[in-house]
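J.: I am attaching a structure below and will ask some questions about it afterwards.
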Amino acid sequence: MGVGSENAASTTKLSIRHGLYKEETSIALKAPLNVEGVLPKKVGHVTAERAIWGRRIEFVLASVGYAVGLGNVWRFPYLCYRSGGGAFLIPYFLMLFLCGIPLLFMEFAIGQYTRLGPVHALAKICPLFKGVGIATVVISFVLCTYYNVLMCWALYYFFNSFRATFPWQSCNNTWNAVGNCSIGFPGNTTHLHSASQQYFDHRLLEITNGIEEAGGLRWELFGLLILAWVIVYLCIFKGVKSTGKVVYFTATFPYFMLFVLLINNVQLPGAKNGMLYFLKPKWSKLLDVQVWVNAAAQVFNSIGIGFGTMISMASYNKFNNNILRDTLIVSLANSATSILAGFVIFSAIGYMAHVHNLPVDNIATDGPGLVFVVYPEVFSTMPLPQLWAPLFFFMLLCLGLDSQFAMVEVAVTSIMDGCGPKVLRVLKRQEIIVLTVCVIGFLLGIPHITKGGMYVFQLMDHYTAVVSLMFLAFFEVLAVCWVFGLRRMTIVIKRMFGKAPNIYFCSCWMFFSPVLVMCILISSIVQYTPARYGKSYTYPVWAEVVGWGISLVSIIWIPLGALHEICRNKGTLMQRIKTAMTPTIELDPVNHLPEKERVDIPESVVFITHL
């Protein structure tokens, strides 16, 4: 393993062995050319010990599993029907092809070419914005600390769904509020709550009146949170070698369940009305700017641009893996799953509307309430409920675990890339590093399983997944698309695949994607609304300050990284900034490589970069 060279006349032969597989690639170079001019720095000692995916399908399944998460089930269907039904699919797919696919391809290319995690990969792409890489790791780790709480809830419902009678099915329980409980959905009767809603609030969460009242730990959830982290650890402790095997099941089982549920649901009375309600186009909604912003934000958040996860997973690929094919598979599978989930969800909602003689509007909702309140109520009235309920919650567990694997792996990858040898001298084995990351994630997740933890969860989700992400995404796109530049990206792609990206990708990287991300960021700032829980609870001022502090935990690394890079350079301020904007991955294919190895820049790229 490693990089070796031998002199032969006027050329040097570079032999690269990728990770665990002794796959050699020979690149003809002229003697004066530094190896770093063709391949990223640290290729020699980083990739020498770096594992790679056992098979290409493992990378694809892991990426699909990360992209296809709980948001596909509980956010997209509600957002689609609220934003114009079938008409919403026009801006959604437009944003997918102008923003989602090009940026996913960009992240895959960065990870695969540098064979580094997001921290060091982005530092080499644009040293001035090296803080973006740190910020992506921070936001992914913060997200995984509370995302696993959802797995804890899924486990709670999973174990309770084996009972002969579901505990959320009646109002005759100790946690039900007397005179305030309704079997089924109460419609517009504001003083009543369904039995499933009360089970979620008063049994699962034992929720307090506000974030000011922590209320002590929910010990049942504490134990399940430990179990959730143990499952995550056992699936990733061997790195991509173990994760690559687990995703064969966790990434495919949800599809099996969605199809089975759809086949079952369409046979229920009222299901057709629910699905028609989901897709019925409201063309006037296309004139609403917010609908277009929602479509772009949904594509961006669903695929996971800006979390560093896709860069990290692609860094375990072989150098010449066809990531363009993988990009199309992941992005289209993600969108198809969202639409499939929409039919599954709204067929069930249509059935519930039929049973309770209520309009669909009174039942449709998004967020955790959809899968932990509405769907449990659906199972209470369906044939064979003890079959469907456990399978459904197990599906949720699989959906969440795939995303959780990837977010934890980002932190582990960054630690190993940055200070792996030093950490290994202390902890001895990579498995112990993974265990340490999981233990820290578990400890940081404890506030979410107190009786007031739901308020903490909602606050964290609002300021991490909504506010912070868009800032990080904007600076990542700015660093790669405009500072690193289209010419260099073209050379990177050509070195891996032997041909340059077509005009579609060039146009998106240069114009459409950065402008769309900028529009989403501006819209997020202009239309900012404070975090809320439910329809009535508003957070106190001190909680809002804490929320902004949570956002700054990740965002602050961007200016700090830029300031550090400028200060460590020499010369005038402008010279320092110019140096900080220069990639450390030197690519000079025209002057140094032999004629047959030169990377020809297509005329379309030259034209676009000169506009």
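J.: What residues qualify as long-range amide H neighbours of Thr450, i.e. H under 5 Å apart, gap of 5 or more or another chain, H built at 1.01 Å from N?
T.: Hits under the 5 Å cutoff: Arg218.
J.: Only helical DSSP H runs with n ≥ 4 go in: add -39500 (n - 2.57) per run for the chain, normalise by residue count and round the 222 nm mean residue ellipticity to 500 deg cm²/dmol. Write down the numbers at each step before the final one.
T.: Values: 29 runs with 360 residues, N = 611.
My calculation for the chain gives -18500 deg cm²/dmol from helical runs alone.
J.: Could you work out, for segment 373-528, what percent of all Cα-Cα pairs fall into each 10 Å distance bin, beginning at 0 Å and stopping at the bin that holds the largest distance?
T.: Over segment 373-528, the share of Cα pairs per 10 Å bin runs 8, 19, 25, 28, 16, 4 percent.
J.: Ok, one more. Starting at the first residue of segment 280-294, write each ³J(HN,Hα) from the Karplus equation 6.51 cos²θ - 1.76 cosθ + 1.60 with θ = phi - 60°, in whole Hz, x for Gly and Pro.
T.: Per-residue couplings from phi come out as 4, x, 10, 5, 5, 5, 5, 7, 8, 4, 4, 5, 5, 5, 4 Hz.
J.: Can you give me the relative contact order of segment 458-583 as a percent, contacts being Cα pairs under 8 Å and 6 or more apart? Write out the running numbers ahead of the final one.
T.: Numbers: 77 pairs, mean separation 45.0, N = 126.
Relative contact order here is 36 percent.
J.: Please list, in order along segment 322-333, the HN-Hα scalar couplings obtained from phi with the Karplus expression 6.51 cos²θ - 1.76 cosθ + 1.60 (θ = phi - 60°), rounded to whole Hz, x for Gly and Pro.
T.: With coefficients 6.51, -1.76 and 1.60, one gets 7, 6, 5, 4, 5, 4, 5, 4, 5, 5, 6, 5 Hz.
J.: Pairs Lys451/Lys535; Lys318/Lys499; Lys130/Lys570; Lys124/Lys245; Lys245/Lys451: which exceed 25 Å Cα-Cα? Could you put the intermediate results ahead of the total?
T.: On the way: Lys451/Lys535 19 Å; Lys318/Lys499 17 Å; Lys130/Lys570 18 Å; Lys124/Lys245 31 Å; Lys245/Lys451 37 Å.
Pairs exceeding the cut-off: Lys124/Lys245; Lys245/Lys451.
J.: What's the center-to-center distance, using Cα atoms, between segment 471-536 and segment 101-134 in Å?
T.: The two parts, judged by their Cα centres, are 12 Å apart.
J.: Amide H to amide H under 5 Å from His193: which residues, 5+ apart in sequence or cross-chain, H placed 1.01 Å off N in plane?
T.: Cys181, Ser182
J.: What does the net charge come to around Trp219 if you take all other residues with beta carbon closer than 12 Å to its beta carbon, with K and R at +1 and D and E at -1? Numbers along the way, then the final one.
T.: On the way: positive: Arg218, Lys451; negative: Glu206, Glu220.
Neighbourhood net charge equals 0.
J.: Can you pull the percent of the chain's accessible area that's carbon plus sulfur, 1.4 Å probe, other chains left in place?
T.: Values: 15890 of 24630 Å².
After summing per-atom areas, the C and S share lands at 65 percent.
J.: Where does helix 56-67 land angle-wise versus the long Cα axis of the chain, in degrees 0 to 90, nearest 10?
T.: That helix lies at roughly 50 degrees to the long axis.
J.: Averaged per residue, what accessible surface does segment 350-425 expose to a 1.4 Å probe, in Å²? Can you show the working numbers first?
T.: Values: 2310 Å² over 76 residues.
Ligands and nucleic acids excluded, the result is 30 Å² per residue.
J.: Add +1 for every Lys or Arg and -1 for every Asp or Glu among the other residues with Cβ under 15 Å from the Cβ of Ile558, and state the total. Before the final figure, lay out each step's value.
T.: Working: positive: Lys130; negative: Glu476, Glu565.
Within the 15 Å Cβ shell, the charges total -1.
J.: Shifting gears a bit: For helix 130-160, report the angle its Cα long axis makes with the longest principal axis of the Cα atoms of the chain; keep it between 0 and 90° and round to the nearest 10°.
T.: Between helix and principal axis, roughly 30 degrees.
J.: Using only Cα atoms, what is the ratio of the radius of gyration of the chain to 2.2 N^0.38 Å? Mind dumping the intermediate values first?
T.: Details: Rg = 25.3 Å, N = 611, 2.2 N^0.38 = 25.2 Å.
Normalised Rg, Cα atoms only: 1.00.
The values are calculated or read from the model by the stated rules, or taken from the named source; none is laboratory data. This is a predicted model, so every value here is computed, not measured. All Cβ positions, glycine included, derive from the backbone under ideal geometry; neighbour counts span all protein chains shown. Just the protein is used for accessible areas: all its heavy atoms, side chains included, with ligands, DNA and RNA removed. Shrake-Rupley method; radii C 1.70, N 1.55, O 1.52, S 1.80 Å.
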